[in-house]
Amino acid sequence: MKRSTVRAAIVLACGIAALWTALPDCRAAGGNGAIVIDPRAPSVIWQGWGTALAWWANELGDRDDLANLLFTTGTVQLLGQSLPGLGLNIARYNLGACSWGAVDGAQMGVSRTIFPFRQMQGFWLGGHFEDARSADWNWNVDANQRAALQKAQRRGANYLELFSNSPMWWMCANKNPSGAAKAADNNLAPGNDHNFAVYLATVAQYARSNWGINFTTVEPFNEPSSNFWGENGKQEGCHFSPQAQAALLPVLRQELDRRGLANLPIAASDENTYDEAVSTWKSFDAGTRAIVGQINVHGYQGAGGDRGMLSRIAMQQGKHVWNSEYGDTDGTGLKMAANLSLDFTARNLLLRPPRRGRPELGAVPGSEGVRRRCNHPHSVW
């Protein structure tokens, strides 16, 4: 795939998003073909466009030129070319699950297929002490991804999400942060809901106090209902049944509140498809739904799935919706644009839809491991 082709597709899609935000509500009046423009009734409130940091930032997050290219709208010199900045305003920080020291005599299980740059370093080394100032915590790891997060914020990114693909390895039932021996099994070990919640909440608090980062949402799951998070997977991952998700969410809310983060919303559940998102949401009781401040979903169902139902749920519950990850194999960007149009249409079937964000873009070229708009092993650009 040519770099220029994909870059043009990305810019086109960003332009569509920006344009749609600015469009007023246009309705035919009286059936006579007249159009009434009502600027007080916006069709969609578009929160932004962005990227997960994670793998590309693990390798390249200390580079100012890439930060300028992604998070500003200036002209950036890169690889001998003058390129337009994308002006992304959303950055998702991947809280790591890996460390290499022994914990109570156990070592981390390592997938046979995972690349080193997908092993994200975690801060809580042993689980013996919750105090972030103790030697049980190492705040020096993951320097490149932390640098990318801070660079994004300094350049204007105003939505910063803390998200997890897996709990720390020592919290996992089989001590492997890529997944369980049987991929359909929950891999957060029984009794570790508290530890996982403490980990997420402590990092959010530490980031605010020491990194100058105020996360705007925290997401504990990544495609949790999917049955492909096995011990030899190519990345960190963890299966959580809907019941396991519902058990964790109130514990996380409690730990965030205890650390003065009562205003930090929890996002959930980043299911792989719209239909899985609907099914998971319907399984939650009213108390669990109230804990979730934002509905995150991935767009891998493409043009399929009942995104309209998910929109109705969001409207009825007063929740924001993020399509937080997306990928296809079309380098022209047309399939992406068509699916964006479906997103907009689903939202406009409702009277007052909540906001929508699309922060899923993996944005840096040149690495097989980077999450990208066309997320396909043969679409290196």
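Only the coordinates and a few stated rules stand behind these numbers; no lab work does. Worth saying up front: this structure is predicted, and the values here are computed from it rather than measured. Here the Cβ is made from the backbone with ideal geometry for all residues, glycine too, and neighbour counts use every protein chain on show.
Using a Förster distance of 41 angstrom, determine the FRET efficiency expected from the C-beta separation of Asn138 and Lys282, and round it to 0.05.
0.50
Between the stretch 304-348 and the stretch 216-275, the C-alpha centres lie 20 angstrom from each other. What FRET efficiency comes out for Gln243 versus Thr75 if R0 is 41 angstrom and r is the Cβ-Cβ distance? Round to the nearest 0.05. With a Förster radius of 41 Å, E is 0.20.
Peptides 304-310, 196-202, 314-320: what's the order by average Cβ count within 10 Å, highest mean first? Can you show the working numbers first?
Working: 304-310: 18.1, 196-202: 23.0, 314-320: 16.0.
Top to bottom by mean Cβ count within 10 Å: 196-202, 304-310, 314-320.
Using only side-chain charges placed at the Cβ, +1 for Lys and Arg and -1 for Asp and Glu, the dipole size of the stretch 92-178 relative to its Cα centre rounds to 500 debye. When the chain is fully extended, how far beyond the present Cα-Cα distance does Lys234 get from Asp64, taking 0.36 nm per residue of separation? Here the answer is 58.3 nm. Taking one quarter of the surface of the C-alpha convex hull of the stretch 115-208 gives a mean projected area of 7.1 nm². The ranking of Ile295, Ile266 by Cβ neighbour count inside 10 Å, starting from the fewest, reads Ile266, Ile295.
Going by how many other beta carbons lie within 10 Å of each one, how would you line up Ser111, Ser166, fewest first?
Numbers: Ser111 20, Ser166 29.
Fewest-to-most ranking of Ser111, Ser166: Ser111, Ser166.
Counting other Cβ atoms within 10 Å as a rough exposure proxy, the listed residues Leu70, Leu261 run Leu261, Leu70 from fewest neighbours to most. Note on Trp211 and Asp185: their simple-model spin labels are 3.2 nm apart, each label 7 Å out from Cα toward Cβ.
Protection proxy ranking of 148-160, 276-288, by the mean of other Cβ atoms within 10 Å over each peptide's residues and highest first, is 148-160, 276-288. The lysines within cross-link reach of Lys175, meaning a Cα-to-Cα straight distance under 30 Å and a gap of 8 or more places when in the same chain, are Lys234.
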